[in-house]
Amino acid sequence: MEQYIIRGGTRLYGEVEISGAKNAAVAIIPAALLVQGVCRIENIPQISDTDTLLTILAELGAKVSYVSKSTIEIDCTHASYQDAPYDLMRKIRASYYLIGSMLGRFGSAKTTMPGGCNFGVRPIDQHIKGMRALGAEVDVRGGFVYAEARDGRLHGARIYLDKVSVGATMNIMIAAVLAEGRTVIENAAREPHIVDLANFLNSMGADVRGAGTDTIKINGVESLHGGSYSIIPDQIEAGTYMVAAAATGGEVLITNIIPKHLEGISAKLRETGTSVEEYVEGILVKGPSELRRINLKTMPYPGFPTDMQPQFGVLTCLAKGTSVITEGIYDNRFKYVNELRKMGAEIQVDGRVAVFEGGRRLTGALVHACDLRAGAAMVIAGMAASGETQIEDVNYIERGYERFVEKLNALGADIRVRYDEEDMRQGRLLSSF
Ligand code: EPU
């Protein structure tokens, strides 16, 4: 496995362009299976999760072609129900969207239970509840999910989610688009990528209303047609560069963003004394000479995003005073604090609450990327620390950040990628900077 070797102590300066939103793309690609015609999708992030999903679609008979690095055309007209590459499905969380899209398109689905980052138990009971309400028999056995529309087609239903779930909201939307009649999802999640998925589906002929509120109404249509769509910029990628600028005392203009999606992140950064200025073309972040302590709690959108929690954890290690971070979404998203402790951080964790005793200088160490965002947090810690930091298991990071090392180095970071000899022999070089 490759490692990142970071020489710390450099400030980030310059401009960085944000890529398309991962968590929108990983739903929109499976949703393309519903469309009989060519979907041209722009602003696709080049990350391993999207590559995996495109490979799965191709195995189901889709024609996938790259128009440019970030624009693809997917034609699922001749896709057919068949066994999918289950080893690939198992690797990623977003394979659960294939339950909705295969059910909607073929009336049947067989997928693996989803993989993805391990933050403790991550059930999919709300997805299953939704599919059952739409008239599917769903059975989980041997690590697989089997779903079958009782009379070959799904039927609209009123579904109240017991938990606000991004994945369940989007999966039910995908399944309901071609169902007969009207579906209403109540207590729906409201993240920007939910609106993006609705906009994508509507631009292909669907009738989805209310996305972005907690009640989404979907009037089923007979078929979807091809079209063109551009994915929104990635809120979490942008937030990660904002924190990197603040943590290194740098000055970075972040472009291709939607400031509204960053409001929670910007507000918390301002509390740390970081300057955040919004412009038409982007957001300018200037790190202060001394970061101030903060408290934060992660919540569903428009609350503070859980996917920014580890990055802010690093910031609070550097800020003067004691900060408290409460994780409101997952049971076990503080594994990265063990890695920060290796760098000299003082952090106490009790369940979903972590207390950061800040103001200590971090020093380089050999650490591990526990998951995607924790990995990004360790990169920020390495850049802010003195000395050299080596990060292992960086494949997690490459699942969700496009050209992360290249973009950071262009801002003045000093990061090298050390490749595994086995990967080199097999020619599995990802990005070399
Ligand atoms: N939950 C249930 N039952 C369900 C679904 C969710 O109990 O059927 C619980 C989860 O265990 C969690 C909470 O509800 O406690 C919220 O989970 P949600 O379904 O919203 O999360 P997800 O769909 O599994 C997506 C993103 C995550 C992001 C969360 C929250 C994808 C592929 N993943 O996960 O992204 O953290 O929403 O915003 O879209 C990341 O990008 O690093 C990442 C982990």
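Of all DSSP-defined beta bridges confined to the chain, some 70% are antiparallel rather than parallel. Here segment 120-274 carries DSSP beta bridges of which approximately 75% are antiparallel, counting only pairs with both residues inside.
Within the accessible area of segment 29-185, the carbon and sulfur atoms contribute 48%, probe 1.4 Å, all protein chains present. Which of Y401, Y13, Y419 ends up with the largest GNM mean-square fluctuation for the chain, with Cα atoms connected below 10 Å? Among Y401, Y13, Y419, the largest mean-square fluctuation in the Gaussian network model of the chain belongs to Y419. In whole angstrom, note down how far apart the Cα centers of segment 73-88 and segment 176-220 are. Using only Cα atoms to place each centre, the spacing works out to 23 Å.
Scaling the Cα radius of gyration of segment 211-358 by the globular reference 2.2 N^0.38 Å produces a ratio of 1.21.
Each Cα pair under 8 Å and six or more residues apart adds its sequence gap; the mean of these over the residue count of segment 274-386 is a relative contact order of 24 percent. Within segment 22-218, antiparallel bridges make up roughly 85 percent of the DSSP beta bridges whose residues both belong there. Look at the dipole of the chain built from charges on Cβ: of L33, A319, T112, the Cα furthest out on the positive end belongs to A319. Ordered from highest to lowest accessible area with the whole protein assembly present and a 1.4 Å probe, F404, F144 read as F144, F404. Under a Gaussian network description of the chain, with springs only between Cα atoms under 10 Å, the residue in Q311, Q235, Q82 that fluctuates furthest is Q82. Entry note: segment 1-115 has Rg to Rh equal to 1.07, where both radii use alpha-carbon atoms and Rh is the Kirkwood radius. Between L103, L269, L88, the GNM of the chain built on Cα springs shorter than 10 angstrom shows L88 fluctuating the most. Summary value for segment 22-218: 18 percent relative contact order, contacts being C-alpha pairs under 8 angstrom separated by 6+ residues.
Taking only the C-alpha atoms of segment 22-218, Rg followed by Dmax gives 15.1, 41 Å. How much of the calculated P(r) for segment 236-304 lies past 14 Å, in percent of all Cα pairs? More than 14 Å apart: 53 percent of the Cα pairs in segment 236-304. If you take the Cα centroid of segment 93-142 and the Cα centroid of segment 342-409, the two points sit 32 Å apart. Dividing the helix sum by the residues of the chain, where each DSSP H run of 4 or more adds -39500 (n - 2.57), gives a mean residue ellipticity at 222 nm of -9000 deg cm²/dmol. Accessible surface of segment 260-417, 1.4 Å probe: 47 percent of it comes from carbon and sulfur atoms.
Annotation: per residue accessible area for segment 181-303 equals 38 Å², rounded to a whole number [probe 1.4 Å, protein chains only].
With the convex hull drawn around the C-alpha atoms of the chain, the volume per residue stands at 127 Å³. In this Cβ point-charge picture (+1 for Lys and Arg, -1 for Asp and Glu), the chain has a dipole of about 720 debye about its Cα centre.
The values are calculated or read from the model by the stated rules, or taken from the named source; none is laboratory data. What you see is a predicted model; the values in this text were computed from it and never measured. So basically every Cβ, Gly included, is an ideal-geometry build from the backbone, and we count neighbours across all protein chains shown. With ligands, DNA and RNA removed, areas are computed over all heavy atoms of the protein, side chains included. Shrake-Rupley method; radii C 1.70, N 1.55, O 1.52, S 1.80 Å.
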